[in-house]
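Beneath this line is the structure, given in structure tokens, with notes to follow.
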């Protein structure tokens with residue numbers, strides 16, 4: 001008898017679990033095959049990881065990165081000053097899913113979990129069980145939240161769905177996703193360097209390399225797109241084909257949260273877009289920040305070029321999805337949401353998003369929402385934030401808006417433009433989720449002004465920066481030292497907010 005490899009075992013168990021799940025599905029027709037409009041509008045949420053609004057031609061970027069997102073915008077409400085409440089995946093995604101700021105939900109670091117007493121405060125619960133609720137994320141961090149919300153989600157697709165290679169092990173045990181993914185994928189089979197388990201990680205890598213050696217990686221000059229910490233490799237066309245198939249088989253009415261890895265690093269554009277932006281152009285050079293990684297200008301140019309090309313590759317496939325949604329009449333019966341969990345910093349010597357630097361590239365993200373039957377573009381220019389999305393979806397689903405929410409209803413979708421409201425983005429990676437926030441940076445936007453606050457990073461104490469965004473969109477002219485009344489008022493408000501959110505916690 002021939003031996004069964006680990007890879008074959010995983011395929012077999014996955015196939016068996018899939019067959020069992022399918023055998024239990026009700027026989028009612030799918031969303032697109034029913035021929036009838038659902039009694040409630042469908043809600044499709046597309047989250048593109050680490051997509052900065054500042055790099056999208058949709059929002060005025062010099063390079064033509066997003067012609068198909070611009071095509072979608074012609075039938076959507078476009079929010080032109082939308083922010084994430086967190087600057088990397090756990091806090092940013094948790095705020096999007098809960099309508100709570102990071103200092104409340106406490107998913108502020110690599111532990112990445114929402115406070116247990118708050119897990120019923122999520123978009124899946126808010127839209128209610130009258131919806132078929134589906135969740136999918138290529139990024140494993142949101143899967144930890146799905147595990148916390150499991151009783152409120154009807155269907156969770158594995159992170160490796162639609163992929164060429166999937167060596168994520170913990171997801172095979174879908175009764176306890178959180179424990180098994182932490183135990184297996186974050187420990188025994190960790191892809192870090194050095195590996196956390198010398199024995200099991202080595203076995204994993206040998207098996208993975210054998211599989212990759214027999215996988216067609218053509219069409220991607222830098223290799224197949226992949227996650228930077230987990231062994232999942234995919235082709236963008238396959239992922240979008242999978243999304244279209246998933247949407248086509250949704251039951252009315254459905255909420256689908258669909259979180260894609262691109263354009264998160266590593267930036268792997270397809271052959272069609274590889275080097276298309278090798279045009280010598282770079283944005284205005286900005287001084288290297290003392291808290292940045294001090295990358296050279298040449299490196300920053302290459303990072304930006306590859307990132308822009310990866311966005312263009314993503315946009316091309318999004319164009320196919322857009323054609324599909326139009327041809328199937330989805331826009332007539334559905335809210336379609338396009339956003340991101342955080343941006344990507346490619347300036348001041350910094351590259352990435354796990355950083356205390358909270359400039360616009362890192363925290364301003366796209367938000368577009370197409371309402372059922374919408375035919376024209378509408379623009380909102382007042383600031384909005386990711387915590388606004390969950391209560392807005394509850395409202396659009398016809399449900400009660402929760403009184404515990406920390407966001408507002410989005411303008412034109414039940415809310416009003418609030419140009420002078422205060423919104424916040426928090427970075428607290430080094431802090432405990434169970435104690436006061438002590439080593440942090442906070443960005444506060446109010447009206448035209450933005451203040452950035454640093455605590456615990458400088459030996460001589462707290463630091464503040466202040467920018468007038470309409471007149472200084474590149475954030476080059478720090479106005480804080482002018483000692484203006486605006487600076488004093490914003491500083492007082494920000495520090496009062498920090499004192500209030502720290503009050504329930506021990507020192």
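Side notes on the structure shown:
- Extension gain, residue 503 to residue 74, is 149.9 nm, computed as 0.36 nm per intervening residue step minus the present C-alpha separation.
- A simple spin-label model places pseudo-atoms 7 Å from Cα toward Cβ; at residue 471 and residue 495 they are separated by 2.5 nm.
- Intensity falloff of the range 222-284 expressed as log10 I(q)/I(0), Debye formula with alpha-carbon point scatterers, at q = 0.16, 0.17, 0.29 Å⁻¹: -0.71, -0.76, -1.28
- Taking the Cα atoms of the range 315-356, the ratio Rg/Rh between the radius of gyration and the Kirkwood radius comes to 1.24.
- In this label model, residue 332 and residue 400 are separated by 3.5 nm, measuring between points 7 Å along each Cα→Cβ vector.
- FRET efficiency for residue 377 and residue 421, using Cβ-Cβ distance with R0 set to 25 Å, rounded to 0.05: 0.60
- A Förster distance of 25 Å, applied to the separation of the beta-carbon atoms of residue 151 and residue 228, puts the FRET efficiency at 0.20.
- Once the C-beta distance of residue 249 and residue 481 is scaled by a Förster radius of 41 Å, the resulting FRET efficiency is 0.10 to the nearest 0.05.
- Rg of the Cα atoms in the range 399-507, relative to 2.2 N^0.38 Å, amounts to 1.21.
- A simple spin-label model places pseudo-atoms 7 Å from Cα toward Cβ; at residue 448 and residue 62 they are separated by 2.6 nm.
- Put the Cα centre of the range 448-507 next to the Cα centre of the range 323-342 and the gap is 38 Å.
- Whole-percent pair-distance distribution, where bins are 5 Å wide, for the alpha carbons of the range 363-449: 3, 11, 19, 20, 18, 13, 9, 4, 2, 1
- Mean separation of Cα contacts under 8 Å, 6 or more apart, over the residue count of the range 282-427: relative contact order %: 22
- Of the residues 104, 66, the one with the fewest other Cβ atoms within 10 Å heads the list, and the complete ranking is 104, 66.
- Cut-off 14 Å (backbone N to label point 7 Å along Cα→Cβ of residue 435), residues of the range 487-507: 505-507
Bear in mind that the values in this text are calculations on the coordinates, not laboratory data. Keep in mind that what you see is a predicted model, and the values were worked out from it rather than measured. Positions of Cβ are generated from backbone atoms using ideal geometry, with glycine treated the same way; all protein chains shown enter the neighbour counts.
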